[in-house]
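Engineer: The structure that follows is given in the form of structure tokens.
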Amino acid sequence: MTHVAGVVLAGGSGSRFGRSVNKVYLPLAGRPVLWWSLQALARHSDVLVLVTRSQDVEFMADVVGDLDVEVVEGGTTRQGSELTALRHLAERVETGAVDTILIHD
């Protein structure tokens, strides 16, 4: 049996999108864009990890709603955030509790 961890990277600032807020918080069909990504990945994951900026960690409770999500603070770069997620999951990978990691970027 496969034990899957899903990771969603949401640590950006939205600057390339030309907005003052990260684009993943903008509404799409009544929910933040980020919620839709989490919802889709949650259907295929045993563990769901959301990597975000330190200033957005408290805001995540409103975004994730009733989804069971482990929120972790990301790095200063996309690669740093990926590494943070992998380190967060490392013990579960070592014990076999997780053998597949899906990263939504």
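Engineer: For residue 26, state whether it is open to solvent by less than 60 Å² (accessible area, probe 1.4 Å) and in contact (Cβ under 8 Å) with a residue 24 or more places away in the chain. Step through it out loud before you land on a result.
Structural biologist: Numbers: open to solvent by less than 60 Å² (accessible area, probe 1.4 Å): yes; in contact (Cβ under 8 Å) with a residue 24 or more places away in the chain: no.
Answer is no for this residue.
Engineer: Moving to a separate point now. Give the residue, chosen from 9, 86, 102, 38, that is at pLDDT 90 or above, surrounded by fewer than 19 Cβ atoms within 10 Å (Cβ to Cβ) and within 11 Å of the chain's Cα centre (by Cα).
Structural biologist: Working: 9 fails: surrounded by fewer than 19 Cβ atoms within 10 Å (Cβ to Cβ); 86 fails: within 11 Å of the chain's Cα centre (by Cα); 38 fails: surrounded by fewer than 19 Cβ atoms within 10 Å (Cβ to Cβ).
Just one listed residue meets the conditions, 102.
Engineer: Out of (1) part of a loop (DSSP other than H, G, I, E, B); (2) in contact with a helix residue (DSSP H, G or I) (Cβ under 7 Å, 6 or more places away or on another chain), what's the single condition that is false for residue 101?
Structural biologist: It fails just one condition, (1).
Engineer: If I filter the range 66-83 down to residues being touching a helix residue (DSSP H, G or I) at 6+ places or on another chain (Cβ under 7 Å) and of a type in the set (A, V, I, L, M), which single residue comes out as most open to solvent (accessible area, probe 1.4 Å)?
Structural biologist: Once the filter is applied, the top-ranked residue is 71.
The values are calculated or read from the model by the stated rules, or taken from the named source; none is laboratory data. Just so we're clear, the structure is a prediction, and the values are computed from it rather than from any experiment. All Cβ positions, glycine included, derive from the backbone under ideal geometry; neighbour counts span all protein chains shown. The protein model used for the area step is the full one, side chains on, heavy atoms only, and it has no ligands, DNA or RNA in it. Shrake-Rupley method; radii C 1.70, N 1.55, O 1.52, S 1.80 Å.
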